[in-house]
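Student: Dumping the structure here so I can ask a few things about it.
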Amino acid sequence: MKQDKKYYGDTRLNHFCAFCSCPTETEDHVPSKCFLDKPHPQDLPVIPCCCKCNNDFSLDEEYVSCMIDCMKAGTASPTLVEREKTRKSLLHNPKLQERISSQIRDFGGVLLYDIEKERFEKVFRKLAFGHLAYENDTLAWNSPYSIDIHLLSEMSDSQRNDFFRPYRGELLPEVCSHGLEHVMLCWEDGHLDSCISPWIPIQEGRYRYCVSPNGNIVKFVIAEFLAVEVNIEM
């Protein structure tokens, strides 16, 4: 990792892993490239992390990414999964294909997904803490958090509207942070009324996210299929 690389507005934060507070040894993309298709977008968000965190997430991210695409298809059969990257992963890793296949069950046309919840939560924590670090220069580390997961197809219109409504906040993101570059300011009678953090698209149809200006809520959508909201107690 280049020691002079600027990740945050406050360069002192560069020395700490965004996920565990250990000394920085490498860097990681948020979101991971496993959630994106080639050609990958340019200038993907990158944050510093330690080698242990960088390596520990890999298998869980592959599982979560493949599981989501198999849930979309309703099967773990490589020939029926639409996404090429996932088809290749299932063909090259028969154990993964068998594992996911056993977790998708059809009850008279009603599909039930017996996902490995801990692995999903581990990956979603990483995504949320990574976006929070990149956008607001905030390292949450040991902060308590809760995760809400919904299938977009099962959300009501009002739930969708609430989920996709950009967040308003009274506090601006950190000075020189990426979040401050994205935020939209709302004025009333010549005074700052609130600021709005918009949704940030990473790759159409694959990934987009939103971080509240106050930095306590992170939302993201994966494959236009799964809607995730992470509330972080700062």
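Read-outs: derived from the displayed coordinates by stated rules, not from any lab. The shown structure was predicted, so the numbers you read here are calculated from the model rather than taken from an experiment. Every residue, glycine as well, gets a Cβ built from its backbone with ideal geometry; the counts of neighbours run over all protein chains shown.
Student: Can you sort Cys70, Cys20 so the residue with the fewest Cβ neighbours within 10 Å comes first? Mind dumping the intermediate values first?
Tutor: Working: Cys70 25, Cys20 15.
Ascending number of Cβ neighbours within 10 Å: Cys20, Cys70.
Student: Can you bin every Cα-Cα distance in the stretch 71-168 into 5 Å intervals starting at zero and give me the percent of pairs per bin, rounded to whole numbers?
Tutor: Each 5 Å bin holds this share of Cα pairs: 2, 10, 14, 16, 19, 16, 13, 8, 2, 0.
Student: Can you give the FRET efficiency for Arg105 and Cys51, using 1/(1 + (r/R0)^6), R0 = 25 Å, r = Cβ-Cβ distance, to the nearest 0.05?
Tutor: 0.10
Student: Mind checking Rg over Rh on the chain, alpha carbons, Kirkwood formula for Rh? Before the final figure, lay out the partial values.
Tutor: Working: Rg = 18.6 Å, Rh = 18.8 Å.
Using only Cα positions, Rg/Rh for the chain is 0.99.
Student: Same structure again: Looking only at Ile100, Ile217, Ile200, which one moves most when the chain is put into a Gaussian network model with springs between Cα atoms under 10 Å?
Tutor: Evaluated over the chain, the most mobile residue of the options is Ile200.
Student: Follow-up. Using the charge dipole of the stretch 1-118 (Lys, Arg: +1 at Cβ; Asp, Glu: -1 at Cβ; taken about the Cα centre), state which of His92, Ser32, Asn54 has its Cα farthest towards the positive end.
Tutor: Final value for the positive-end residue is His92.
Student: Do you know the relative contact order of the chain, to the nearest whole percent, from alpha carbon pairs under 8 angstrom that are 6+ apart?
Tutor: For the chain, the relative contact order is 19 percent.
Student: Let me ask something additional. Calculated from DSSP H runs of 4 or more alone, at -39500 (n - 2.57) each and per residue, what is the 222 nm mean residue ellipticity of the chain, nearest 500?
Tutor: Values: 7 runs with 72 residues, N = 234.
Helix-only estimate at 222 nm: -9000 deg cm²/dmol.
Student: Treat each spin label as a single point 7 Å out from the Cα along the C-beta direction, and report the Asn231 to Ser58 distance in nm.
Tutor: Taking the two extended label points, one gets 3.6 nm.
Student: Given Lys38/Lys72; Lys52/Lys72; Lys6/Lys122; Lys6/Lys117, which pairs have Cα atoms separated by over 25 Å?
Tutor: Those over the limit are Lys52/Lys72; Lys6/Lys122; Lys6/Lys117.
Student: Mind computing the radius of gyration and Dmax over the alpha-carbon atoms of the stretch 1-115? Å is fine for both.
Tutor: Every Cα atom of the stretch 1-115 included, Rg and Dmax give 17.7, 58 Å.
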